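Step one of this worksheet: look at the structure below.
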Amino acid sequence: MELFLSLNGRIGRGKWWLGVVLLIVAQLILMAILGSAGMMSIDPVTLQPSSGYWISMIILLLVTLWPSICIYGKRYHDRNKSAWWIMIAFIPLIGAIWMIVECGFLRGTEGSNDYGSDPLA
């Protein structure tokens with residue numbers, strides 16, 4: 001649980017990918033639960049979401065926001081960068097591509113860095 005609740009330390013690419021997959025699965029399960037409760041409905045004629053749709057999206061965001069910040073922050077720490085680099089996600093398209101490449105494919109700093117010891121050591 002420390003993977004999703006603490007911003008301290010570093011994680012490697014493998015743990016990062018595992019964390020991302022687990023968050024996606026958790027979001028899908030939560031969406032299924034909210035959908036079965038009728039909160040994720042969209043009018044098929046007007047294609048307008050119900051009022052509960054937006055409430056459920058806010059719930060989904062709030063439940064997954066902190067765990068997402070933790071796994072991305074730890075991965076940036078492994079790259080010897082501040083967790084503030086998460087803010088790059090707000091740049092449309094380029095930010096998302098940057099984060100996937102930086103966090104998912106590039107190796108972390110070898111040995112200790114400003115954020116802790118090497119998770120692969």
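The values are calculated or read from the model by the stated rules, or taken from the named source; none is laboratory data. Note that this is a predicted model, so its numbers are computed, not measured. Please note: Cβ atoms are built from the backbone with ideal geometry, for glycine as well, and neighbour counts cover all protein chains shown.
Observations on the model:
Residues are listed down the side, and each one gets a yes or a no for (1) more than 20 Å from Gly12 (Cα to Cα); (2) at pLDDT 85 or above; (3) buried (at least 16 other Cβ atoms within 10 Å of the Cβ):
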{"site": "Gln48", "(1), (2), (3)": "yes, no, no"}
{"site": "Ala83", "(1), (2), (3)": "no, yes, yes"}
{"site": "Ile91", "(1), (2), (3)": "yes, yes, no"}
{"site": "Ile94", "(1), (2), (3)": "yes, yes, no"}
{"site": "Trp98", "(1), (2), (3)": "no, yes, no"}
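- Residue match in region 99-117 (condition: farther than 14 Å from Trp16 by Cα and among the aliphatic types (A, V, I, L, M)): no
- Every condition in (1) in contact with a helix residue (DSSP H, G or I) (Cβ under 7 Å, 6 or more places away or on another chain); (2) within 24 Å of Met1 (Cβ to Cβ) holds for Ser56 except the one numbered (2).
- Summed over region 51-78, the residues that are within 17 Å of Val20 (Cα to Cα) and over 14 Å from the mean Cα position of the chain (by Cα) give a count of 2.
- Within the option set Arg107, Arg75, being basic (Lys, Arg) and touching a Cys at 6+ places or on another chain (Cβ under 7 Å) holds for one residue only, Arg75.
- Test for Val25: is it farther than 17 Å from Arg79 by Cβ, among the β-branched types (Val, Ile, Thr) and at pLDDT 95 or above: yes
- Taken as a whole, region 65-80 holds no residue that is surrounded by 11 or more Cβ atoms within 10 Å (Cβ to Cβ), among the aliphatic types (A, V, I, L, M), modelled with pLDDT of 95 or more and over 23 Å from Met1 (Cα atoms).
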